[in-house]
Amino acid sequence: MNIQSGFFYHIKDAFFEEVQDNSLMANKEDGNYRPHYLAIQDSQNPGIYWMVPVSSKFEKYQNIYSRQVARYKKCTKIVLGKCGGWDAAFLIQNAFPTTADYFDHIHTSKGVPLSLHDSTAKLIAENLSYNIRLHKRGIPLFYTDIDRIYHLMEEKLK
């Protein structure tokens, strides 16, 4: 499968089974592929992709976003935007690294691969990069153990 940054994908159950991290937003039961994830290629290792979950619970995350902005004057953990014509929240705080081996299929709408508007994709990539830099300085912004998963994915690529 040709993986492209800025498109949405579904992740195989095998990834969640191998990683064993309860804080990941895993696939729903009974073979449903939710959530879908925005893929962003890692800047250090091109074999690794950061997967940013997309949520349709816009109002819930809009409230969290607003509280963050009121308290800190900005919010880099959540980006609000459109996905396939509907309001969506891009949950950088729930992002995780993976490899192309774990991609199941591209997310489509009416048979057409769904991509993100360039300006929104750029903002998400910038916020992800910023949050990773903060994480490396010891500021916990991610719900999952991204260091452990990143290391597992590096080992998988060897």
State which residue is surrounded by the fewest Cβ atoms within 10 Å (Cβ to Cβ) when the search covers only region 83-101 and only residues that are under 18 Å from SER66 (Cβ atoms) and of a type outside the set (Val, Ile, Thr).
ASP87
Answer yes or no as to whether SER119 is of a type outside the set (Val, Ile, Thr), modelled with pLDDT under 95, over 23 Å from ILE11 (Cα atoms) and in a helix (DSSP H, G or I).
yes
For the list (1) out of contact with any Leu (no Cβ under 7 Å at 6 or more places or on another chain); (2) in a helix (DSSP H, G or I), I need the number of the one condition that ILE124 fails.
(1)
Is one or more of the residues making up region 125-137 among the hydroxyl-bearing types (Ser, Thr, Tyr), surrounded by fewer than 20 Cβ atoms within 10 Å (Cβ to Cβ) and either touching a Ser or Thr at 6+ places or on another chain (Cβ under 9 Å) or under 22 Å from LYS12 (Cα atoms) (or both)?
yes
Which number in (1) surrounded by fewer than 15 Cβ atoms within 10 Å (Cβ to Cβ); (2) touching a strand residue (DSSP E or B) at 6+ places or on another chain (Cβ under 6 Å); (3) in a helix (DSSP H, G or I) marks the one condition that TYR65 misses?
(1)
Region 3-27, subset of a type in the set (Gly, Ala, Ser) and out of contact with any Phe, Trp or Tyr (no Cβ under 7 Å at 6 or more places or on another chain), residue nearest to ILE48 (Cα to Cα):
SER5
Unmet criterion (only one of (1) polar (S, T, N, Q); (2) farther than 16 Å from ILE132 by Cα; (3) at pLDDT 90 or above) for SER56
(3)
Criterion violated by HIS105 - all others in (1) modelled with pLDDT under 95; (2) more than 14 Å from HIS10 (Cβ to Cβ); (3) not in a helix (DSSP H, G or I) satisfied:
(2)
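The values are calculated or read from the model by the stated rules, or taken from the named source; none is laboratory data. It should be emphasised that the depicted structure is a prediction, and the values quoted were computed from it without experimental measurement. Cβ: placed from backbone, ideal geometry, glycine included. Neighbour counts: every protein chain shown.
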